[in-house]
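A.B. asks: My structure is below; once you've seen it, I'll send some questions.
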Amino acid sequence: MGSVGKDSAPEASVTSLRLLTLHREILVEQVKNTQCILDNLRINGYICNEDIEIIHRAATKADQVRKILELVQSKGEEACAYFIHILHEAYDAYIDLRPWFNTIQYMPADFVREIPVINTDPISKYIEKLRQELGRDTQFLTSYSQQEDTLLEELYTDTQMEMMNDKGESLGYLENLDEILGEQGVFNQQAETIFITGDAGVGKSVLLQKLQNLWSKRELNTETKFFFKFRCRMFSAFKDTDKISMKDLIFKYNCYPDGDPDSEVFNYILRFPQTVLFTFDGYDELQMDFDMDSVPEVVSPEESTHPLLVLMNLLCGKLLRGSCKILTARTGTDIQSRIIQKKVVLRGFSPDHLKKYMARHFPMQEQRAVVSVQLDASPHLCGLCSIPLFSWIIFKTFKHLQSVYDNFELPDSCITLTNVFLLLSEVFLGRKTKKQGLLKRSMSCTAGIFKAGLKMLTAFAKLALFGLEKGSFIYSLEEVMSCGLNEEDLQVGFLRPVSHYDACGGTTTFEFLHLTLQAFLAAFSLVLDSYITPEGILRFFAKCEYNKTSHLPCLSCFGRSSHPRDTDPFQTNEHFQFTNLFLCGLLCKSNAVLLEHIVPPVCLKKKRVALKSYLSTSVKTHLRDLPRYPSTDIEGNKVHVMPNFLWMLRCIFETNSEDVARLTAKGISADYIKLAYCNIYSADCSALNFVLHHHRKCLGVDLDNNNINDYGVKQLIPSFSKMTVVRFCVNQLTDSSTEVLSEELIKHKIVKVLGLYKNHITDVGAKHVAQIIEECPHLKTLKIGSNHITSVGARILAQSIQKSKSIYDVGMWGNSIGDEGADAFAEALKNHPSLTNLSLSANSISSHGGKSLARALKENSSLHIFWLIQNAISDDAASDLAEALRSNSALTHFIDLGCCNLNHYIGCEVQGRFYIGSQV
Ligand SMILES: Nc1ncnc2c1ncn2[C@@H]1O[C@H](COP(=O)(O)OP(=O)(O)OP(=O)(O)O)[C@@H](O)[C@H]1O
């Protein structure tokens, strides 16, 4: 017999049969779905088909429920108990009965537990269908060609995910994918959109694919019941006149709910929006070529309007408020922070991730060792590989070319991105060439492949340029064919069919494997096409001359005003930047050896001259117009570069023109160049070095808050002979970088400022830095806060500081030096000749350390500013410190924000010299 409720519960002794009588009213009111109940009762033999027919004859849902109740009650206690159990187990179908189950303190009897309940309600069925479809759609990573798809699981490797606040300051790194949806890094509780940005090819789409795949397998830690994925690109495929409602948008472009005549699925979504997660990939690829200023905001989920408006209203939370949205976009795409709940920036592979990724590509130990040796020899190549897309191309081409030639090695240290894409093209074009055993690779082999594939290459290049000029990433079959390509050409890998959910109109459409490949081929077209004049190749530079702010007009919360029809509708101009970059690479002298086989040399030369002349002029103008800052003693006069400068550096590096590099170096007439927050990644350091090593004078270089990592530091080695200020704060450096720094900076002995805070430096690195302090007589400032230095490293550093006569500013905050470290610094402070500014904040220093420091202060007469906030200094140590302050006349600022009774310092601040307490 079904027992309901616990013994102590009010309804404990009530039978299921009676319970149905007692609560008949609420059941009739709340049970909307009868099908699931009938299915289960029938499958388990409690009712038969005739019973179901009778029930279906009832005119209304409520009448049907009444009839079912009568029927199960007539069948006895067991049927009633099972009936209640169905309502309990088919969770989503009877979600409104959850409070009722709480009231009756439902506890199913053992026999009931054993009878299965199949969830046939439309909501559960739909969720299952969604999971299956998403699982199927996300199983493979798109590879070279359709036949070569790789399982996502086999190749997916974690990347670095940095959280940012609304001001663009780092909030640390996420540790796993679940945390994307978690509370970490949320800076705006009112907003609902998680914004993920990163450079082209850094893995935004793959990250979403991984999230979708995990969810489909129930491996994502989330309450999400509905997961809808979209690519923003598809919204550009709609016509001005197209209209759609949110409901249709969701179902049409994901999957339809089957057998849901009463729209239970959609009603559920509307009632529980917090169970819905949307992903919108590639916001930067949205194109808006019509004026939507006058279109009202959409708040009704069933109202049909332009799809873009539906998207915007979803993102703003005006439609389906409460649902979670993940939006991705390339770096530089801005959206007002008021719609962003949290921001994650993808930083690509760290050196460790790269090792893992390499192991996935090369499971065989010997092969892996070969690649590893070659990579280790080229920090620049490793830098390129930190972008997963480039890494993928490099490893894939490596594998392929190694299988064809017996002497293929990864290109040497000065490989450019253009060279990487040339290798990829060689592989694609070579697909049609028959293999004849292992050959020796030579320029004539490569030239032969390009010559043999020239017709196809020209056609793809033409298509790419055509798309870029008309602002299109998706091509119809007719467009593809009209460029002279045939079905067979589609197999080589440059193009891939667009997935079904992007389909606009049912016919097959195509896109380039990646936008960077389209840009590369477009640049190739500019070079190959003899009808394009030398000046004509420069057409895309004009579009990149200044960093345009994005134009998305429709909603005020996106902070954009009206968007005239004739302006560039894209969110970023990266596709043009890449085209220019590849143009520079293709026209560089070293590639002429290859290109002269397919382009008349005279024509090539004319185009190269035009490009070089353009670059020289624009670099000069750019540098002349940069904002300058007043000079300071250590840093001299400063110049802060503009975002476009990075692309200029990249272009100059691709051209491999020492002349332009020299000109640029000369143009940096300042003593100090500030490149902080420029989104510089490790491979860019080669470009920077290419210019800086031509700089005649010494120079301060501020690269704070970028993503240069250890590979970047290695690429800068030749420039350290010029650097007086070395600022690499917040850049993911490890002890391997400090090792390089100690070797290089000690060699040149000119460094004055060394900034390394917020990196991953340990006691090993502290030892390297200590050597720099001892050996570099001009070093005045050291910032090494927020690393992983303990008392061991602190002791070594403090000893070198004690010996140094030049150093006056040391920032050690946010390590964990503890009392022992404080003791060491106390020792260094005694009678130090030059140290005027010291921060030991947030270092787990307690009373013992506080007292040591107090004693040291009595003997020190150099220190002016001493930070000690966020330690664990107790009252008795505080009173010692207060006493030391009173007797020390050199100190002007002492900051201790508590952990102790501030009353101890009464009398200190009276002297008007100290900032003490929470007002700081
Ligand atoms: N986490 C990863 N693990 C393995 N491979 C990856 C990963 N992320 C990216 N890749 C590789 O890089 C390629 C490009 O990645 P993806 O398309 O996600 O870049 P993206 O940031 O979305 O670029 P874009 O902004 O240009 O669209 C993928 O096709 C895949 O081969």
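A.B. asks: List the number of the failed condition for Thr159; all other conditions in (1) under 23 Å from Ser323 (Cα atoms); (2) of a type in the set (Ser, Thr, Tyr); (3) within 12 Å of the ligand (Cβ to nearest atom) hold.
C.D. replies: (1)
A.B. asks: Hey, any hits in region 633-645 for a residue that's assigned to a helix (DSSP H, G or I), within 35 Å of the chain's Cα centre (by Cα) and crowded, with 17+ Cβ neighbours inside 10 Å?
C.D. replies: There is at least one residue in region 633-645 that is assigned to a helix (DSSP H, G or I), within 35 Å of the chain's Cα centre (by Cα) and crowded, with 17+ Cβ neighbours inside 10 Å.
A.B. asks: Among the residues that make up region 167-174, is at least one of them in the same structural domain as Lys229 (by TED's automatic domain parsing), more than 22 Å from Thr516 (Cα to Cα) and in contact with a Leu (Cβ under 9 Å, 6 or more places away or on another chain)?
C.D. replies: no
A.B. asks: Can you list the helices (runs of 4 or more DSSP H) found entirely within region 45-124 that contain at least 2 residues being charged (D, E, K, R)?
C.D. replies: 49-57, 61-75, 77-89, 110-113
A.B. asks: Tell me, please, whether a residue that is more than 52 Å from the chain's Cα centre (by Cα) and under 22 Å from Phe101 (Cα atoms) can be found in region 25-36.
C.D. replies: yes
A.B. asks: Restricting to region 774-793, count the residues that are over 18 Å from Leu863 (Cα atoms) and touching a Leu at 6+ places or on another chain (Cβ under 9 Å).
C.D. replies: Final tally of qualifying residues: 6.
A.B. asks: Something else: Out of (1) more than 16 Å from the ligand (Cβ to nearest atom); (2) at pLDDT 90 or above; (3) not assigned by TED's automatic domain parsing to the domain that holds Thr150, what's the single condition that is false for Arg321?
C.D. replies: Every listed condition holds for Arg321 apart from (3).
A.B. asks: Of the conditions (1) loosely packed, with under 15 Cβ neighbours inside 10 Å; (2) in contact (Cβ under 8 Å) with a residue 40 or more places away in the chain, Phe83 clears all except one; give me its number.
C.D. replies: Of everything listed in (1) loosely packed, with under 15 Cβ neighbours inside 10 Å; (2) in contact (Cβ under 8 Å) with a residue 40 or more places away in the chain, Phe83 misses just condition (1).
A.B. asks: How many residues, within region 873-892, are touching a Leu at 6+ places or on another chain (Cβ under 6 Å) and either modelled with pLDDT of 75 or more or assigned to a helix (DSSP H, G or I) (or both)?
C.D. replies: Total satisfying the criteria: 1.
A.B. asks: Determine which single condition Ser350 fails, assuming it passes every other condition in (1) surrounded by fewer than 20 Cβ atoms within 10 Å (Cβ to Cβ); (2) under 20 Å from Ile393 (Cα atoms).
C.D. replies: Ser350 satisfies all of (1) surrounded by fewer than 20 Cβ atoms within 10 Å (Cβ to Cβ); (2) under 20 Å from Ile393 (Cα atoms) except (1).
A.B. asks: With the requirement that a residue be in a strand (DSSP E or B), more than 13 Å from the chain's Cα centre (by Cα) and of a type outside the set (A, V, I, L, M), what does region 339-357 give you?
C.D. replies: Residue satisfying the conditions is Gln341 alone.
A.B. asks: For region 657-677, name all the residues that are outside any helix (DSSP H, G or I) and either crowded, with 19+ Cβ neighbours inside 10 Å or among the aromatic types (Phe, Trp, Tyr) (or both).
C.D. replies: Selection gives Ser657, Ile668, Ala670, Asp671, Tyr672, Ile673, Lys674, Leu675, Tyr677.
A.B. asks: Residues of region 358-387 being outside any helix (DSSP H, G or I), under 17 Å from Leu155 (Cα atoms) and either more than 16 Å from the ligand (Cβ to nearest atom) or free of Cβ contacts under 8 Å to residues at least 12 places away in the same chain (or both), which ones?
C.D. replies: Residues satisfying the conditions are Pro363, Met364.
A.B. asks: In the list Cys651, Cys685, which residue meets the criterion of being part of a helix (DSSP H, G or I), more than 30 Å from Tyr173 (Cβ to Cβ) and touching a residue at least 24 places away in the same chain (Cβ under 8 Å)?
C.D. replies: Answer to the check: Cys651.
A.B. asks: Mind listing whichever residues of region 177-198 are small (Gly, Ala, Ser), crowded, with 21+ Cβ neighbours inside 10 Å and either closer than 21 Å to Leu314 by Cα or away from the ligand (no atom under 16 Å from the Cβ) (or both)?
C.D. replies: Scanning region 177-198 gives Gly185, Ala191.
A.B. asks: Inside region 199-228, can you point out the residues that are more than 16 Å from the ligand (Cβ to nearest atom) and either more than 24 Å from Tyr357 (Cα to Cα) or hydrophobic (A, V, I, L, M, F, W, C) (or both)?
C.D. replies: Trp215, Arg218, Asn221, Thr222, Glu223, Thr224, Lys225, Phe226, Phe227, Phe228 - these are the residues of region 199-228 that are more than 16 Å from the ligand (Cβ to nearest atom) and either more than 24 Å from Tyr357 (Cα to Cα) or hydrophobic (A, V, I, L, M, F, W, C) (or both).
A.B. asks: Consider Thr572 carefully, then state whether it is assigned to a loop (DSSP other than H, G, I, E, B), in contact with a helix residue (DSSP H, G or I) (Cβ under 7 Å, 6 or more places away or on another chain) and modelled with pLDDT under 90.
C.D. replies: yes
The values are calculated or read from the model by the stated rules, or taken from the named source; none is laboratory data. Everything numeric in this text was worked out from a predicted model, so none of it was measured. FYI the Cβ positions are ideal-geometry reconstructions off the backbone, even for glycines, and counts take in every protein chain you see.
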